[in-house]
Structure formats: C-alpha cells, structure tokens
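The structure appears right after this line, and notes come after that.
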Amino acid sequence: MIIGLTGGIGSGKSAAAKFFEILKINVIDADQLAKEVIAKGTPGYLSAVEAFTVDILDKSGEIDRALLRTLVFNNPDQKKILESITHPLVQQLMLKKISLSTSLYKIIMVPLIYETNTKDLYDRVLVIDCDQSLQLKRATARDNNSNILIQKIIDSQCSREERLSIANDIIPNNDTLKDLQTRVNQLHNFYLGYYKNE
C-alpha cells in the first residue's frame, strides 16, 4: 500500500514523516529526490545549467537551490521549464525507491499531488493540514526566507480546500509536535488494520 503524504509549505509534512519513520515505515521524500536529480554531474544538473545558464551555480559549481527557487517562483514559465526537467527524473527514482522498500506500507512525501493531478498514483492520500498563518510562521522560521517569498509559494500551490478535497485521511497540525505524533500513531494503527484487510 502506497500513501501519498502531502500538505502546503510549513504544514508539518516532514515532522509527520519523521514520526512514521520512528514506527519503521519507509518514507520517500520527493523533495529530497528533486535535490538528488540535479546534483552536480547528473543529467538533470546538465539540463538545468543548459536551461538556466551557469548563473544558477554557486562557487563550488553546485546548483544554488535558493537562487533557483527565487527565480522560478517569480516566473511561471521558468517554473514549467524546471519541472519538465526534474519531474520525469524524480518519478523514475521514486519507482526505484518504492521497489526497494520493505515496510508494510510506504509513504511518499510530495507537496504537489493536487497540482500535478497524480492522486491516482497512491492507494490513499494523507493531508497534513494547518492554518495558513501557521504555514507562514513555520516556513519563514525554517527556511530563513521572507514572508513575501513564502506567501508566493503558498499562492503557487493549490488552495487548502482543493488539497483537502483529494484526502482520504487528514491530520490537523495546529497544535504541538506531541499532538502530531499521537495522531500519526493513531493513523499508523489504522493503516496496519487496513493493510491486513486488503
């Protein structure tokens, strides 16, 4: 069984994923895969440099992800170009990681399920949900970015209502990390029961 774990920026996807990992569930992070496919020397890296020029490289020759993020979120056409490079490569790597996974169910952590219309790739979709004011606060503190950039990222993602419309399961995350862990544990038990009844 494959669970798509999603939520807006700053909603707490990564924190929820860590709690699933504590329960010995394999979590595949699509954002991490996106970093891997444009690592220095990879085909994705070469395509990105060709598309965006050497201006996106830092002093060590790696792609400056913060610079690239700012570039694409200020230009929808550039965003499409980057996605056309990374999405197929991420999909390929994801399938490989799924085939190597050993836990009873697997979690794919991916921010853009609604936006990419990929709900049907998962047996269930789990949404980590929180108030937008909390998203802004958490994401600016974590990423050291401005409120303006984080708000642009939120605006570029689907609305909260759209995201919730594809959810089979929802974990509200407006409270403490302890509350989040309790909710993850409860859902884990549900998934184990669901898996056995499949």
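The values are calculated or read from the model by the stated rules, or taken from the named source; none is laboratory data. Since the model is a prediction, treat every value here as computed from it, not as a measurement. We place every Cβ from the backbone using ideal geometry, glycine too, and count neighbours over all the protein chains shown.
Checked against (1) in a helix (DSSP H, G or I); (2) farther than 28 Å from K152 by Cα, Q78 meets all criteria but (2). When region 153-163 is filtered for residues that are surrounded by fewer than 15 Cβ atoms within 10 Å (Cβ to Cβ), not acidic (D, E) and not in a loop (DSSP other than H, G, I, E, B), only S156 remains.
Within region 15-49, how many residues are at pLDDT 95 or above and on the phi > 0 side of the Ramachandran plot? Total satisfying the criteria: 1. In summary, I166 fulfils each of the numbered conditions (1) in contact with a Leu (Cβ under 8 Å, 6 or more places away or on another chain); (2) modelled with pLDDT of 85 or more with the single exception of condition (1). How about region 61-77: which of its residues are modelled with pLDDT under 90 and crowded, with 16+ Cβ neighbours inside 10 Å? Answer for region 61-77, where residues must be modelled with pLDDT under 90 and crowded, with 16+ Cβ neighbours inside 10 Å: L68, R69, L71, V72, F73.
For (1) surrounded by 15 or more Cβ atoms within 10 Å (Cβ to Cβ); (2) under 16 Å from the mean Cα position of the chain (by Cα); (3) of a type in the set (K, R), each residue gets a yes or a no:
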position: A17; (1), (2), (3): yes, yes, no
position: I22; (1), (2), (3): no, no, no
position: V37; (1), (2), (3): yes, yes, no
position: K40; (1), (2), (3): no, no, yes
position: P43; (1), (2), (3): no, no, no
position: S47; (1), (2), (3): yes, no, no
position: A51; (1), (2), (3): no, no, no
position: D55; (1), (2), (3): no, no, no
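Is it fair to say Y105 is touching a Phe, Trp or Tyr at 6+ places or on another chain (Cβ under 7 Å) and either not assigned by TED's automatic domain parsing to the domain that holds N174 or not hydrophobic (A, V, I, L, M, F, W, C) (or both)? Show your work before the answer.
Values: touching a Phe, Trp or Tyr at 6+ places or on another chain (Cβ under 7 Å): yes; either not assigned by TED's automatic domain parsing to the domain that holds N174 or not hydrophobic (A, V, I, L, M, F, W, C) (or both): yes.
Yes.
Restricting attention to region 7-58, the residues that are of a type in the set (S, T, N, Q) and farther than 20 Å from K79 by Cα total 3.
No other residue among K13, K97, K80 is exposed (fewer than 15 other Cβ atoms within 10 Å of the Cβ) and either out of contact with any strand residue (DSSP E or B) (no Cβ under 9 Å at 6 or more places or on another chain) or not acidic (D, E) (or both) apart from K80.
N173 meets the conditions (1) surrounded by 18 or more Cβ atoms within 10 Å (Cβ to Cβ); (2) at pLDDT below 90; (3) of a type outside the set (A, V, I, L, M) in every case but one. The failed one is (2).
For region 117-162, the candidate set comprises residues that are among the β-branched types (V, I, T) and under 17 Å from the mean Cα position of the chain (by Cα); within that set, the residue that is farthest from D175 (Cα to Cα) is T118.
Tell me yes or no: at least one residue of region 170-180 is within 15 Å of the chain's Cα centre (by Cα) and either outside the structural domain of F20 (by TED's automatic domain parsing) or not basic (K, R) (or both). Spell out the reasoning first.
Taking region 170-180 and keeping what is within 15 Å of the chain's Cα centre (by Cα), we get none.
Looking for residues that are within 15 Å of the chain's Cα centre (by Cα) and either outside the structural domain of F20 (by TED's automatic domain parsing) or not basic (K, R) (or both), one finds none in region 170-180, hence no.
Could you please let me know if N26 is in contact (Cβ under 8 Å) with a residue 24 or more places away in the chain and under 16 Å from the mean Cα position of the chain (by Cα)? Before you say what the answer is, go through the steps one by one.
Details: in contact (Cβ under 8 Å) with a residue 24 or more places away in the chain: yes; under 16 Å from the mean Cα position of the chain (by Cα): yes.
So N26 passes the test.
Evaluated against (1) over 18 Å from Y45 (Cα atoms); (2) in contact (Cβ under 8 Å) with a residue 12 or more places away in the chain, N144 falls short on exactly one condition, (2).
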